[in-house]
Amino acid sequence: METLERPALEALQLQRLQDTVRRVERVPFYRKKFLATGLKAEDIQCADDLRRLPFTTAADLRENYPDGLLAVSRDEVLRLHTSSGTTGKPKALFFSRRDLDNAAELLARAFCMTGVTRSDVFQNMMSYGLFTGGLMMHYGAEKIGCLVIPSGPGTSERQLMLMQDFRTTVVHITPSYCFYFADFLEKKGINPRKDLALRKAFVGAEPYTEETCRKIEAALGVDVYNSYGLTEMNGPGVAFECEHKSGLHLWEDNFVLEVIHPITGEPVKDGETGELVLTSINREAMPLLRYRTRDLTSIIPGTCPCGRTHRRIHRITGRSDDMLIVRGVNIFPQQIERVLMALPQIGRNYVIQLDGLDDLTVTVELSPSAFDGEVGHLAQLQNQIAEKLRAELWVRPKVDLVAAGSLPVAEGKARRVIDKRSI
Ligand code: ADP
Ligand code: ZN
C-alpha cells in the first residue's frame, strides 16, 4: 500500500471517497448540506468532484456534539476520543472496530518506516485516556510487536526509572516535554547517550521548528521523527516522517489531502503554504468531509527517495488561528521560535505575551551556561535578540531573559501565547 503506483492509489481514493459520501448521506448534518446544493453520491465521479463537497469545521463538530455526526448505530461504536480542547470545548469522535484496526495499521506503518522493530522497547509518554496520543500510538506499537510501556505523562523520576530498568529504545513525547526531560537528566548527571538505550523519539502534538528538532536531538541523543495527527482524523498517524526526514508522508489511502487558501478556500499550488484540509475516506463510525484542520503546511513537490508514493507535507508551521496581529503585522509564534532556537545562548522554553494595546513581550530562558555573571553582557544579548526578532517580524518586541528552568512547563500541550490585550 505504501508504494502503490499513483494511478492505482488515486483509483482507490476515488472509490473510497464515493463509499464515504454514500455513508454520510445517513448523517442529518451532511444530508442537509447535500440537499441544499442538490448534490448526490453519484455525482462524485472524479477526483475534482471532491470540491463539490461541503467543508466541515471544528464549529460543526461542536454544534453536533455529542453524536450528531455519527454515521453508524451506537452499537457499532467501540471507543470515544475527544480532542484535547486546546482551542475550546472538546470535540467527540467515535470509532468502530474496523476504524481502530485501521488507525493501528497506519501507526504500524509509521513505526516500520522509522526502523522500529519488535525488538524495540517503546515508552509512550503521552497522556492516555481521552487524548488519542496514548491509546492510538499504543496499539500501533503492539501491532509491530514492540514491548510497550504505557507510562503516560507521569513524573520524570518514574519515566527515567522505567527507561533504565527496561532499556527503552523509542519514546513518544511532546517537544516541550523533551526539553523538560532533558533538563531533568542533566540535573541528575545522566548522559542519555551513555547511560540510556534511547535511539528514537516520535515528537508531535504541537508545532515545532526544525531548529527545535535539532536541539532535541542534541539534548537527548536521539533521532527525532515528526509525528502529525489530529483527533478528528484518528489522532496520531495521519502523516509521519520516513527515514529521509524530508517532509511527512500523509497516508493518502486513508485521507484525501488538500491545501487551500484559508480565506478564499481555493487550492494553493504545491510548495505554497495554506490550510490543510482532510477527508477521511476509510472511516466507518464518523467520516468527515473536507475537514478544515486550520493547520498550516504545504505539499512538497516531487517524490521521496524512499519510494513511498504517498505525498509529503511540510512540517506544520502553525495554526491559521494562531496568527497574532500586532500593530497591524501578522505574526506566527513559530517565527519567534525559529529565531530563538537558532541562538546558542538561548535555553529551551519561552513565552510570548501581549499586553495593553499591542505590547509584545518575549520571555526566554537562557541556556544554563550562557550567563557569565556580567550584567552588561546580558543587556547586550537582550538587545541582540530584540534586533533579530525585529528583522524577522517587523515589530520589535521587549525581550526578557530569565534563568533556565524558571518558566512553567505544561504536562500536556504547551501554551506559548498569553494574550492579555485590552482590545
Ligand atoms: P486540539 O486541537 O484540542 O489540540 P488534538 O489533540 O486533536 O486536539 O491535536 C491536534 C492538533 O495538534 C493538530 O491539529 C495540530 O495543530 C497539532 N499537532 C499535532 N501533531 C503536530 C505536529 N507534528 N506538528 C505540529 N502540530 C501538530
Ligand atoms: Zn519517504
Item to check | Spatial separation of Cα centroids for the stretch 139-173 and the stretch 25-76, in angstrom | outcome: 39 Å
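Suppose every Lys and Arg Cβ carries +1 and every Asp and Glu Cβ carries -1, with no other charges. What dipole size does the chain come out with about its Cα centre, to the nearest 20 debye?
With Lys and Arg at +1 and Asp and Glu at -1, about 420 debye.
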Checklist entry - Considering only DSSP beta bridges whose two residues both sit in the chain, what percent are antiparallel, to the nearest 5? => result 60 percent
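Would you mind classifying the stretch 323-419 by shape? Square roots of the alpha carbon gyration tensor eigenvalues, ordered a ≥ b ≥ c; an a/c under 1.5 is rounded, otherwise it is prolate if a/b is larger than b/c and oblate if not.
Oblate, because a/c is 1.5 or more while a/b does not exceed b/c.
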Checklist entry - Taking a ≥ b ≥ c as the square roots of the eigenvalues of the Cα gyration tensor of the stretch 225-280, is the shape rounded (a/c under 1.5), prolate (a/b larger than b/c) or oblate? => result oblate
Checklist entry - Give me the Kirkwood hydrodynamic radius of the chain in Å, from all C-alpha pairs, to one decimal place? => result 22.8 Å
Checklist entry - Efficiency by 1/(1 + (r/R0)^6): what FRET value for I325 and K245, r their Cβ-Cβ distance, R0 = 30 Å, to the nearest 0.05? => result 0.35
Item to check | Listed residue (W394, Q380, S406) projecting farthest to the positive dipole end of the stretch 323-419, Cβ model | outcome: W394
Checklist outcome for this item: With the 8 Å Cα cutoff and a minimum separation of six or more residues, the stretch 1-322 has a relative contact order in percent of 18 percent
Item to check | Residues in the stretch 228-256 reached by a label modelled at Y65 [backbone nitrogen below 20 Å; 7 Å Cα→Cβ] | outcome: 230-235
Checklist entry - So how far apart, in nm, are the two label points at D358 and I190 if each is 7 Å from Cα heading toward Cβ? => result 4.7 nm
Next on the checklist: Using only the alpha-carbon atoms, how far is helix 175-188 inclined from the longest principal axis of the chain? Give it as 0 to 90 degrees, nearest 10.
Outcome noted: 40 degrees
Checklist entry - If you count, for each residue, the other Cβ atoms within 10 Å and average over each peptide, how do 27-35, 245-253 line up from highest to lowest? => result 245-253, 27-35
Checklist entry - Using 7 Å Cα-to-Cβ label points, what is the R22/A218 separation (nm, one decimal)? => result 5.6 nm
Item to check | Amide hydrogen neighbours beyond the local backbone of I346, cut-off 5 Å, H modeled | outcome: S367
Checklist entry - So, by mean Cβ neighbours within 10 angstrom, what's the order for 346-352, 77-83 with the highest one leading? => result 346-352, 77-83
Next on the checklist: Using Cβ contacts closer than 10 Å as the measure, can you line up R16, R26 from fewest to most?
Outcome noted: R26, R16
Next on the checklist: Could you work out [θ]222 nm for the chain from helices alone, using -39500 (n - 2.57) per DSSP H run of at least four and dividing by all its residues? Round to the nearest 500 deg cm²/dmol.
Outcome noted: -10000 deg cm²/dmol
Checklist outcome for this item: Residue separation between D49 and V402 times 0.36 nm, minus their alpha-carbon distance, gives in nm 121.7 nm
Checklist outcome for this item: Yeah, the stretch 156-197 with a ≥ b ≥ c from its alpha-carbon gyration tensor (a/c under 1.5 is rounded, else prolate when a/b outruns b/c, oblate otherwise) is oblate
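No value in this document is a laboratory result; all are computed from the given coordinates. Owing to the predicted nature of the structure, the values given are computational and were not obtained by experimental measurement. Reconstructed Cβ throughout: ideal geometry from the backbone, glycine too, with neighbour counts over all protein chains shown.
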